[in-house]
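Engineer: So that we are looking at the same thing, I have put the structure below in structure tokens.
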Amino acid sequence: MLAPDLFMVFIQRLEQAGIPYVVTGSVAVIVYGDPRMTHDIDLVVELHRSHIAALIHAFPQDQFYCPPVEVITTEAARSTRGHFNIIHHDTGFKADIYPVGNDALLAWAIRNARRFDLVGLTLQVAPPEYVIVKKLEFYREGKSAKHLSDIAGMLAASADLIDFLLLNEKIEQYGLRHEWEQVSADV
């Protein structure tokens, strides 16, 4: 189950700051698949130089741990795999922030975000095809069955929302056919 505060703490502030974002990770899995408890949120953000000051202003130091501007600037400048955290002091809720950089898959997720109304707040959620591809990548890297289980839950709950032709293109593009076949065999 998701606590509304988890969304309010981070999403509203990004929206008010005008920073393009998309929700991914376990929260996206919850939207498309099986409910579960989580105390963090993964956010892909389009973080240009002009957004950095707005981001720092949106998450004031007396309420949040937000890395220094130098760290955010460095992570936002990475072509791929940039990452930093923002933590809400009062609740301990954490946002894992992934700047788009030059990562084509992250940029695609932002461009193709889907809007969902959850707990009275409209969220920009990564498309299910993106979530599945990332879960397949994570499975390939760490072999955690949790990722395959998440995908199976998404397929069972949201097959009507998934463009399987597009998903297969992404699976081929990222060399994930073997991992996909493991999920397909179990479903």
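Engineer: Applying the selection to the stretch 158-187, what residues are among the hydrophobic types (A, V, I, L, M, F, W, C) and either more than 21 Å from the chain's Cα centre (by Cα) or buried (at least 17 other Cβ atoms within 10 Å of the Cβ) (or both)?
Structural biologist: I162, L165, L167, I171, L176, W180, V183, A185, V187 - these are the residues of the stretch 158-187 that are among the hydrophobic types (A, V, I, L, M, F, W, C) and either more than 21 Å from the chain's Cα centre (by Cα) or buried (at least 17 other Cβ atoms within 10 Å of the Cβ) (or both).
Engineer: Would you point out the residue of the stretch 139-157, among those that are touching a helix residue (DSSP H, G or I) at 6+ places or on another chain (Cβ under 8 Å) and not hydrophobic (A, V, I, L, M, F, W, C), that is surrounded by the fewest Cβ atoms within 10 Å (Cβ to Cβ)?
Structural biologist: Step by step, filter the stretch 139-157, then rank; the result is S144.
Engineer: Answer yes if at least one residue in the stretch 116-127 is of a type outside the set (S, T, Y) and part of a helix (DSSP H, G or I), and no otherwise.
Structural biologist: no
Engineer: Looking at (1) without any contact (Cβ under 8 Å) to a residue 24 or more places away in the chain; (2) in a loop (DSSP other than H, G, I, E, B), which is the only condition G101 fails?
Structural biologist: Only one criterion is unmet by G101, namely (1).
Engineer: Let me ask you something else. Among the helices (runs of 4 or more DSSP H) confined wholly to the stretch 1-73, which include 2 or more residues that are of a type outside the set (F, W, Y) and within 19 Å of A126 (Cα to Cα)?
Structural biologist: Those helices (runs of 4 or more DSSP H) span 4-17, 25-32.
Each reported figure results from applying straightforward, stated rules to the coordinates on display, with no laboratory input. Computed from a prediction, not measured in an experiment: that's the story for all the values here. Every residue, glycine among them, receives a Cβ derived from its backbone with ideal geometry; neighbour counts consider all protein chains shown.
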